[in-house]
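The values are calculated or read from the model by the stated rules, or taken from the named source; none is laboratory data. Values in this document were obtained by computation on a predicted structure and should not be read as measured data. Don't worry about glycine lacking a Cβ; one is built from the backbone with ideal geometry, like all the others, and counts go over all protein chains shown.
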Amino acid sequence: MKILILGSGAGGGFPQWNCNCPNCRKVRNGDVNAQARSQSSLAVSVEEDHWFLLNASPDLRDQINNNPALHPKHGLRHSPIDGAVLTNADVDHIGGLLTVRESQPLSINATERVLSVINSNSVFNILNPEFVKRNPLPIGTQTELCRADGTESGILIEAFPVPGKVALYLEDEAAGPNFGSVAEDTIGLQIEEKATGKTFFYFPGCAHVSDVIVEKATDAELVFFDGTTWIDNEMQETGVGHKTGQRMGHMSVSGEDGSIAAFSTLNVKRKIYIHMNNTNPILIDDSPERLATENAGWEIGFDGMEVSL
Ligand code: MLT
Ligand code: MN
Ligand code: ZN
């Protein structure tokens, strides 16, 4: 099984279009220790010329152009992209669907809740429903992803709810402290190659390492995890915003409640941060925070990174 990081940044990417924080300035100024990152997406393949996107970021057009594996291969109109699996309805995870139009057969796989967001936004009908299937992803059951033509993909997938929240633009202030979020709003994915049983986990948004995550991820070969912020009040500390990571549905990398601590006893063979916000100091190659993260056994995902299982 091959996994490609198409975009290792969080929503907004790195640098973010309107951000002048020290990190964003560094990457714009060409600092050798700051590499640009596009928005959050992976791609997975178990067979040559067949790929599934894990989330479809607004940067998908460039991500396809930058990764030859995703270029058209056969005839005048073709794509090795068989479909997409969505882990929530955040703009950084669904905006790219609008890029893969042009009556290309695809499957979109997401929970009923996330599909209802897409179904209620008519702009997504630009993905011609005659060619683009919208498949509800069941929760807590392993199913096989289907290719656009309905054939089996050889990729088994299980979605399970993880702590998080509803997409920013759907928050309902009147609905109480969780803004009307339901379990299906944010999922983690367990992805298995049917032929070999090789398995990895993908959690681009996660507010807390729940018992279910501990149970699933213990002894895992490979985990991609939410690296949005280093500390919970990073947006305040850098002066770019007032929301905490927790308020946005993300746990920090560092600290007692952070993901380094939460995973320290789970015996995961390979742990890779993705979905890193432009304010996160681990994005800077020579920062002490980067060193501390790597010393804790984590890798910092980057655009174009390939992982084989
Ligand atoms: C998030 O991960 O918190 C979202 O992508 C935020 C957003 O929609 O800007
Ligand atoms: Mn995001
Ligand atoms: Zn910034």
Going through the range 228-244 one residue at a time, which ones are surrounded by 24 or more Cβ atoms within 10 Å (Cβ to Cβ) and within 12 Å of ligand 1 (Cβ to nearest atom)? Thr228, Thr229
Identify all residues within the range 82-110 that are surrounded by fewer than 24 Cβ atoms within 10 Å (Cβ to Cβ) and over 16 Å from Phe124 (Cα atoms); write none if there are none. Asp82
Quick check: anything in the range 72-80 under 21 Å from Leu222 (Cα atoms), hydrophobic (A, V, I, L, M, F, W, C) and more than 16 Å from ligand 1 (Cβ to nearest atom)? no
Considering only residues of the range 47-69 that are surrounded by fewer than 22 Cβ atoms within 10 Å (Cβ to Cβ) and touching a residue at least 60 places away in the same chain (Cβ under 8 Å), which is farthest from Asn135 (Cα to Cα)? Asn66
Only one of Asn277, Asn267 is among the polar types (S, T, N, Q) and in contact with a strand residue (DSSP E or B) (Cβ under 9 Å, 6 or more places away or on another chain). Can you tell me which? Asn277
Determine if the range 260-267 includes at least one residue that is within 16 Å of ligand 1 (Cβ to nearest atom) and surrounded by 21 or more Cβ atoms within 10 Å (Cβ to Cβ). no
For the structure I just gave you, tell me whether Ser254 is polar (S, T, N, Q) and surrounded by 24 or more Cβ atoms within 10 Å (Cβ to Cβ). no
In the set Val223, Val214, Val209, the lone residue that is away from ligand 3 (no atom under 16 Å from the Cβ), farther than 25 Å from Asn18 by Cα, surrounded by fewer than 16 Cβ atoms within 10 Å (Cβ to Cβ) and not charged (D, E, K, R) is Val214
Subset of the range 21-42 (residues that are farther than 21 Å from Thr228 by Cβ and either of a type in the set (Asp, Glu) or crowded, with 18+ Cβ neighbours inside 10 Å (or both)): Asp31
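Results for (1) more than 28 Å from Ala167 (Cα to Cα); (2) under 21 Å from the mean Cα position of the chain (by Cα); (3) modelled with pLDDT of 95 or more; (4) within 16 Å of ligand 1 (Cβ to nearest atom), shown as yes or no for each residue.
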{"residue": "Arg37", "(1), (2), (3), (4)": "no, yes, yes, yes"}
{"residue": "Ala43", "(1), (2), (3), (4)": "no, yes, yes, no"}
{"residue": "Pro58", "(1), (2), (3), (4)": "no, yes, yes, yes"}
{"residue": "Asn67", "(1), (2), (3), (4)": "yes, yes, yes, no"}
{"residue": "Ile94", "(1), (2), (3), (4)": "no, yes, yes, yes"}
{"residue": "Val114", "(1), (2), (3), (4)": "no, yes, yes, yes"}
State all residues of the range 97-147 that are small (Gly, Ala, Ser) and over 29 Å from Lys216 (Cα atoms); if no residue qualifies, say none. Ser103, Ser120, Ser122
Kindly establish whether Lys194 is basic (Lys, Arg), surrounded by fewer than 18 Cβ atoms within 10 Å (Cβ to Cβ) and modelled with pLDDT of 95 or more. yes
Just to confirm my filter: which strands (runs of 3 or more DSSP E) fall fully inside the range 122-169 and include at least 3 residues that are within 16 Å of ligand 2 (Cβ to nearest atom) and either over 21 Å from the mean Cα position of the chain (by Cα) or closer than 21 Å to Ile187 by Cα (or both)? none
Of all residues making up the range 231-274, the number that are within 16 Å of ligand 2 (Cβ to nearest atom) and in contact (Cβ under 8 Å) with a residue 40 or more places away in the chain: 11
Go through the range 1-98 and tell me which helices (runs of 4 or more DSSP H), entirely inside it, have 3 or more residues that are under 27 Å from Ile282 (Cβ atoms) and within 14 Å of ligand 3 (Cβ to nearest atom). 22-28
State yes or no: is Phe200 within 30 Å of Glu47 (Cα to Cα), away from ligand 2 (no atom under 14 Å from the Cβ) and at pLDDT 95 or above? yes
If a residue must be of a type in the set (Ser, Thr, Tyr), within 16 Å of ligand 1 (Cβ to nearest atom) and in a strand (DSSP E or B), how many such residues does the range 170-208 contain? 1
